[in-house]
Amino acid sequence: MSLKIEELIKLIKPLSDQDEYPHHMLKELNLTEYPPNWNESWYFNFISKQLSCITRISFKPYEGKSRILCLILVNDKPVNTYIDEVTIPKNDLPDKIGTKRCNYTLIEPHKKWHIEYIDRKYELKFDSLGRFKPFDYFEGVKMEDFSTDYADLLDTAAQRHYEQACICKGTFTKKRRGEPIESMEFEILGHRDHSWGVRDWIYIDRWNWISAQFKDRTVNIARVEVKGHLLIGGFISTEDGNKPVKDVQITTETKADGKTPVSSTFLITDSEGSTLKVISKTRHSIHLPMPTKFGITEVFEQIADFEIEGMKGEGISEYLISTRK
């Protein structure tokens with residue numbers, strides 16, 4: 001089951017504080033059950049050479065499942081990878097986001113989230129604080145833009161999506177036999193996003209996404225190829241606001257496998273016609289294969305150094321490629 005274009009348009013509303021919470025969409029879309037690939041997810045990261053974290057939780061109400069990932073790196077080396085799947089109400093969404101081990105609490109919409117991960121070896125607690133204004137990927141999109149082709153693409157790649165640059169402040173503790181042996185406080189630039197809608201990974205042919213944090217700005221791009229269509233989005237955030245990205249050209253150097261990126265150059269054009277060249281160099285690449293009965297989708301989540309005209313930054317460069325049977 002997919003969504004009709006009229007149902008897609010119902011999702012396109014101005015971003016509100018209520019959008020930070022789980023979306024109970026059956027009544028609004030007049031559905032008896034969620035589409036099989038409906039997914040609502042919250043994602044947070046902060047990246048530094050000393051300490052990094054990538055964490056994501058997703059709800060899949062058609063399956064009655066919630067999937068959680070929390071990856072912690074120290075000195076660019078993974079020290080903890082937590083992957084879990086828990087049961088949620090089928091064709092409904094819980095109001096609580098997370099589990100006892102890994103949980104996410106909204107304190108103030110678009111301004112403050114609190115995230116905790118606790119196990120017998122590590123304890124990570126931090127606040128994700130909005131650094132710049134959130135960016136809605138449908139900002140500036142007009143209803144006449146919703147051609148059948150565009151709706152076809154959205155019916156695969158998630159309908160609603162916003163992102164925000166953050167400052168992450170918290171404490172990371174190493175433990176032995178449950179007792180703290182080493183603890184550090186941190187304040188690191190980070191990023192978050194929230195999306196909901198149909199996302200069928202295997203039909204996304206290729207995907208590039210970056211969240212690059214610099215002292216005075218955040219640079220984000222998303223370039224998606226799916227079903228013969230191309231969707232380009234993103235933004236450049238500063239204290240003055242957001243400038244949407246209108247085009248991006250990407251060249252990538254890979255390892256001998258032809259898949260794992262080691263360096264990329266992004267030539268970005270913003271809504272005012274200005275261009276910006278961003279260069280990424282991979283420090284650590286995490287391979288996340290997602291096999292299905294239709295083929296395999298491979299995600300390369302890369303801890304990366306970024307550079308703009310000599311200015312240094314850090315963040316994530318994500319690359320996805322699907323191979324269908």
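Coordinate-derived values only; no laboratory data. Nothing here was measured: the structure is a model prediction, and the numbers come from that model. Virtual Cβ from ideal backbone geometry, glycine too; neighbours counted across all protein chains shown.
At 222 nm, what helix-only mean residue ellipticity would the chain give, in deg cm²/dmol to the nearest 500, using -39500 (n - 2.57) for each DSSP H run of four or more?
Here the helix-only value at 222 nm equals -1500 deg cm²/dmol.
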Check your understanding: If you add up the charges near Thr105, with Lys and Arg at +1 and Asp and Glu at -1, over every other residue whose beta carbon is less than 12 angstrom from its beta carbon, what do you get?
Key -> -2
Review point. Modelled label-to-label distance, Arg177 and Ile279, 7 Å Cα→beta-carbon offset: nm?
Key: 5.2
Review point. What number, in percent, do you get for the relative contact order of the chain if the mean sequence gap of Cα pairs under 8 Å and at least 6 apart is divided by its residue count?
Key: 13
Exercise for review: Obtain the nm distance between the two label points defined at Lys246 and Lys100 by a simple spin-label model: each point lies 7 Å from its Cα along the Cα-to-C-beta direction.
Suggested key: 5.4
Practice item. List the residues whose amide H sits under 5 Å from the amide H of Gln159, counting only those 5 or more places along or on another chain, with H placed 1.01 Å from N in the peptide plane. Key: Trp196, Gly197, Val198
Review point. For Glu108 and Lys65 in one chain, what is 0.36 nm times their gap in residues minus the Cα-Cα distance, to one decimal in nm?
Key: 12.8 nm
Exercise for review: Calculate the tail of P(r) for segment 40-100: the fraction of all Cα-Cα distances greater than 15 Å, expressed in %.
Suggested key: 52
Exercise for review: Per residue of segment 282-298, in order, report the coupling 6.51 cos²θ - 1.76 cosθ + 1.60 (Karplus, θ = phi - 60°) as ³J(HN,Hα) in whole Hz, putting x for Gly and Pro.
Suggested key: 6, 9, 8, 10, 10, 8, 10, x, 10, x, 9, 5, 9, x, 9, 10, 10
Practice item. Output the relative contact order of segment 201-325, whole-number percent, from Cα pairs under 8 angstrom with separation of 6+ residues. Key: 25
Point to revise | Nonlocal amide H pairs with Thr260, under 5 Å, H built at 1.01 Å | key: Lys255
Exercise for review: Beyond 19 Å between alpha-carbons counts as too far, so tell me which of Lys259/Lys312; Lys49/Lys100; Lys111/Lys246; Lys77/Lys121 fall in that bin.
Suggested key: Lys259/Lys312; Lys49/Lys100; Lys111/Lys246
Exercise for review: Identify the GluC sites (Glu not before Pro) of segment 246-325 meeting these criteria: DSSP loop state and at most 12 other C-beta atoms within 10 Å of the C-beta.
Suggested key: Glu272, Glu309
Exercise for review: Springs between alpha-carbon atoms under 10 Å, Gaussian network over the chain: tell me which of Leu73, Leu31, Leu267 tops the mean-square fluctuations.
Suggested key: Leu31
Check your understanding: Hey, with R₀ at 25 Å, roughly what FRET efficiency would Gln50 and Tyr82 work out to, going by the Cβ-Cβ distance, to 0.05?
Key -> 0.80
Practice item. Using a Förster distance of 35 angstrom, determine the FRET efficiency expected from the C-beta separation of Tyr21 and Ser271, and round it to 0.05. Key: 0.75
Point to revise | D (Stokes-Einstein, µm²/s), Kirkwood Cα radius, segment 201-325, 1.306 mPa s at 10 °C | key: 106
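Take the alpha carbon atoms of the chain, find their radius of gyration, then divide it by 2.2 N^0.38 Å using N residues; give the quotient. It would help to have the intermediate numbers written out before the result.
On the way: Rg = 19.2 Å, N = 325, 2.2 N^0.38 = 19.8 Å.
So the chain has a normalised radius of gyration of 0.97.
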**Study point:** Cα→Cβ-extended label distance, 7 Å offset, between Lys90 and Lys325, nm
**Key:** 2.5
